[in-house]
Amino acid sequence: MEKSASFTDNIKHIFTFERVFLLILLLTIILRFWQLDLKLFHHDEAIHSWFSYTLLTKGTWVYDPSYHGPFLYYVTAGMFSVFGASDLVARLLPALFGTLLVPLVYFIYRLGYITKIQTLLVALFLAISPDMVYFSRFLRHDIFMLFFTMLLLVALLYYFERGQLRYVIIAAIATGGALCCKEEMPIILLIFISFFGYSIWKKRIHLPPQWKQDLLIGLLIIIGILVALYSAFGMHPETLVGQNFQINSTGWYQAVDHWVAMSDEQRLGGPFYFYIPLYLLYELPIFLLAILGTLLFIFKDINLILTFKRLKNGLLTRHFELSTKDLAATSLTQLKSSKTVNARSDFFFQFCIYWMILTMAFYAYVGEKVPWLIIHQLLPMSFVAVYKLNWQKIVFALIGCLFLALMTWHVAFVPADINEPIVQVQNSEDLRDVMNIMDNSSQVVLASKDYWPLPWYYRGDRWNKIVFYGQVEDEKTLTENHPGVIILHDTESYPSLPGYDKKTYKLDYWFSFYDNDNRLLDYYIHRDGTMGSINLDVFTPQQ
């Protein structure tokens, strides 16, 4: 028995809370940065990198709501200026911001809102979640916005606790940064403001005496960040005030007008339950635990009422040495104690449930449905998943992490085209062969309406050898200078060209529900089947 106790003590001494957390952080870093350029750019990544490269080389950028806010372009251009322009460099900051989500969990623990085991599980969920890993290795605005959202939450909690101006400044920087990422951030802010505003009104949290001055300072910082970035540091003031002070030409008006129209048009539409299958595909254990956590939170007060009733019935049927008055006073004291002992934790989890439900409802309502929006719902869900942990839930969570790890390996570290909805429309690995052919040719004719990400990969002087047509041309035009490569969209191509061999390659691909809807269970297990794709016909001279 003594040896067993000694062994257990040694294990506890070696695997302390801080050491385990650091191991999870190390795992997070590895999963974000290892082989960061393993996969070709997604279509949107190539466009974002191209705009950043143009900002660096030509100094031009103006707000267009179709391509979201300025933060990504400025920081990516900055990275290009220091390290050079490449896929790897473009993804460094998304990987860093995705990694920094995990340390922020620790700061919430330090305030006492979550326990050590809850902290470790949330950190582990964020570290190995397939969606979190995939979109931390992906140059989109969402991972930046998610980091700023988490930073805002941490800063607010610390301000409510300590009332120091430094946390207002951090919260303001987080808010300004998030608003410079994407147009839906005001909805997230409304969720935060409504919950914490109501809590202040009900005196569940208290503001320091100088809160009005702090608020004014915070607002000035936010406005300063927005004015600087959206105006391109003064180069485009019309984004803020409109052309000739016309309100319908301001950036904020265009943002609302554009994205309301996109939502109504449902260009990338889907049913309100669009994200539920994605949770089942990639985040199953987190999703199930979050449902259980939500139900436990909702019914905890009902259980408290039932406990009180059983206690009251017991008082009526049993005899005690204490008087009935003393027993009643003791029981009420115990009941109040049971309500307050976890009040701090319950307040935080109540917010997380509120945040999760409203975020899920918002993205279910919005007509534009794309897989990267799931991470904004997954962050609060990861906290809700660890509510009221017991050993059974801990065991389930740890076993579920094996599922998460397997899915992460499959979607993020398999260097091949994968038939998964998470990729949305991903550039095919076939393009590596196409670009190899192009690299070995002195002249390339590109006559296709679909051609991204080629402008990114052939940026600068490399584009000089490409003769570009936005659509297919006649045979004489295509072959008159005897180019080494002719690239056509396969639906607008020719059966053959004199003196050339033809081979078809995928440009990009996507998961096709219509090709797999009769085998969903088989697909879930094997993750294979027919994919949709846009194809290129590549003509090379006959040998």
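FYI, it's all coordinate maths here, none of it is from the lab. The model shown is predicted, which means the values in this text are computed figures rather than measured ones. Note: ideal-geometry Cβ built from the backbone for every residue, glycine included; neighbour counts use all protein chains shown.
Quick check: from the Cα gyration tensor, does the range 480-539 come out rounded (a/c under 1.5), prolate or oblate?
Here the range 480-539 falls in the prolate category.
To one decimal place, what orientation-averaged projected area in nm² is obtained for the convex hull of the Cα set of the range 358-516?
Convex hull of Cα atoms, orientation-averaged projection: 13.8 nm².
What 222 nm value per residue comes from the helices of the chain, counting each DSSP H run with n ≥ 4 as -39,500 (n - 2.57) and dividing by all residues, nearest 500 deg cm²/dmol?
Here the helix-only value at 222 nm equals -20000 deg cm²/dmol.
Using the charge dipole of the chain (Lys, Arg: +1 at Cβ; Asp, Glu: -1 at Cβ; taken about the Cα centre), state which of M360, G197, L268 has its Cα farthest towards the positive end.
G197
Antiparallel versus total DSSP beta bridges in the chain: what percent is that, nearest 5?
Rounded to the nearest five, the antiparallel share is 70 percent.
Toward the positive end of the charge dipole of the range 1-145, about the Cα centre and with charges on Cβ (Lys, Arg +1; Asp, Glu -1), which of H141, Y67, T57 goes farthest?
Of the listed residues, the answer is H141.
For the chain, with the dipole built from +1 on Lys and Arg beta-carbon atoms and -1 on Asp and Glu ones, taken about the Cα centre, which of L121, W372, L280 lies farthest toward the positive end?
Of L121, W372, L280, it is L121.
Report the full-extension gain for the segment K300 to N440: residue separation times 0.36 nm, less the Cα-Cα distance, to one decimal in nm.
That works out to 43.6 nm of additional length.
At 37 °C and a viscosity of 0.692 mPa s, what translational diffusion coefficient does Stokes-Einstein give for the range 352-401, taking Rh as the Kirkwood radius over Cα pairs? Give it in µm²/s as a whole number.
Calculated translational D: 270 µm²/s.
Round to the nearest 0.05 the FRET efficiency obtained for F272 and L398 when R0 = 25 Å and r is the Cβ-Cβ distance.
0.15
Above 46 angstrom, tally the Cα pairs of the chain and express them as a % of all pairs, no decimals.
So the portion of pairs separated by more than 46 Å is 24 percent.
Checking the cross-link filter: which aspartates and glutamates have an alpha carbon closer than 14 Å to that of K503, excluding same-chain neighbours under 8 positions apart?
Leaving aside aspartates and glutamates fewer than 8 places away in the same chain, those within reach of K503 are D430, D433, D490, D537.
Using the Cα centre as the reference, give the magnitude of the dipole from point charges on the C-beta atoms of the chain (Lys, Arg: +1; Asp, Glu: -1; all else neutral), rounded to the nearest 20 debye.
3300 debye
Given R₀ = 30 Å, FRET efficiency for E492-S81 by Cβ-Cβ distance, to 0.05?
Calculated transfer efficiency: 0.15.
Hey, could you pull the Cα Rg and Dmax for the range 430-504, both in Å?
According to the Cα coordinates of the range 430-504, Rg and Dmax are 11.6, 33 Å.
In the structure displayed, which of K182/K369; K202/K388; K39/K506; K300/K369 lie more than 23 Å apart, Cα to Cα?
Over 23 Å apart, Cα to Cα: K202/K388; K300/K369.
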